[in-house]
Amino acid sequence: MASEARKNALVFIRILLYDLSAFKRRMDVLLLSDLPGIGKKNDLIVVTSGYAMNYLLPQRKAIVVTPNVRKQYGEQIKQRAMERESERQLHLSLANTLSGKVIHIAAKAAKSGKLYAAVTEATVAESLKKEYGIDIPTSAIQMTEHMKTAGQHSVTIAVGIQKTTVTVDV
């Protein structure tokens with residue numbers, strides 16, 4: 001009985017929110033938990049109303065932003081905004097540090113210059129850590145294809161929203 005009443009209440013809230021013209025296309029929501037690719041806890045984000053009403057709100061991963069919510073969660077929202085700014089500054093400084101770097105990788109090669117084993121993103125990340133002490137996840141390193149020949153190659157590294165290019169000397 002209680003679960004049926006709860007379902008009816010959720011349906012009522014969903015209909016009520018859908019009927020309000022301000023919520024037709026986009027909604028401001030406050031995330032209650034970390035969602036990969038979307039945001040972190042206490043982030044204020046704008047999402048489509050369908051995504052909010054069909055996924056975020058029923059799963060209790062977010063709440064609709066109202067003046068009362070802003071007042072209640074005001075301190076957490078400010079703190080998260082400051083964290084986001086410090087993360088952006090950290091990514092920017094890391095991208096500036098990586099900019100123009102040359103990574104040296106020793107690999108066995110045939111006389112023709114063809115490598116016996118291709119140089120992958122993991123190899124580049126490992127070399128970055130050894131040479132410069134910078135720990136970058138392999139998912140942040142973007143290569144068009146693995147390096148199979150000796151010489152200099154260009155690799156893009158994405159740090160947050162910042163992208164920088166480094167040269168890899170094999």
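Quick check on segment 36-170: what are the equivalent-ellipsoid semi-axes from the Cα gyration tensor, as sqrt(5λ), descending, whole Å?
With the √(5λ) rule applied to segment 36-170, the semi-axes are 43, 17, 10 Å.
Report the trypsin sites (Lys or Arg not before Pro) located in segment 81-159 that are in a DSSP loop and have at most 10 other Cβ atoms inside 10 Å of their Cβ, or state none. If you can, show how the numbers build up before the last one.
Numbers: sites: Arg84, Arg88, Lys101, Lys108, Lys111, Lys114, Lys129, Lys130, Lys148; in loops: Lys101, Lys108, Lys111.
The qualifying sites are Lys108, Lys111.
Search the structure for amide H atoms under 5 Å from the amide H of Ile103, placed 1.01 Å from N in the peptide plane, and list their residues when 5 or more places away or on another chain.
Here Thr167, Val168, Asp169 satisfy the definition.
Give me the accessible area per residue for segment 45-170, probe 1.4 Å, as a whole number in Å².
Working: 7900 Å² over 126 residues.
Solvent-accessible surface per residue comes out at 63 Å².
Round to a whole number: what % of the accessible area of the chain belongs to carbon and sulfur, probe 1.4 Å?
Working: 6070 of 11330 Å².
Roughly 54 percent, rounded to a whole number.
Taking the Cα centre of the chain as origin and charging only Cβ (+1 Lys, Arg; -1 Asp, Glu), how large is the dipole, in debye to the nearest 20? Spell out each step's value before the answer.
Working: 24 positive and 15 negative charges, 73 e Å.
I would put it at about 360 debye.
I need the GluC sites (Glu not before Pro) found in segment 100-151, filtered to DSSP loop residues with at most 13 other beta carbons within 10 Å of theirs. Don't jump to the answer; show the numbers that get you there.
Numbers: sites: Glu121, Glu126, Glu131, Glu145; in loops: Glu145.
Passing both the DSSP loop test and the Cβ count: Glu145.
Please tell me which of these pairs span more than 27 angstrom C-alpha to C-alpha: Lys40/Lys71; Lys78/Lys129; Lys78/Lys130; Lys41/Lys101; Lys40/Lys130; Lys7/Lys61?
On the way: Lys40/Lys71 19 Å; Lys78/Lys129 34 Å; Lys78/Lys130 38 Å; Lys41/Lys101 35 Å; Lys40/Lys130 31 Å; Lys7/Lys61 17 Å.
Pairs exceeding 27 Å: Lys78/Lys129; Lys78/Lys130; Lys41/Lys101; Lys40/Lys130.
The values are calculated or read from the model by the stated rules, or taken from the named source; none is laboratory data. Bear in mind the structure is a predicted one, so any value in this text is a computation, not a measurement. When we count neighbours, we look across all protein chains shown, and the Cβ atoms used for this are built from the backbone with ideal geometry, even at glycine. For the accessible areas, the whole protein counts, side chains as well, though only heavy atoms, and no ligand, DNA or RNA atoms are used. Shrake-Rupley method; radii C 1.70, N 1.55, O 1.52, S 1.80 Å.
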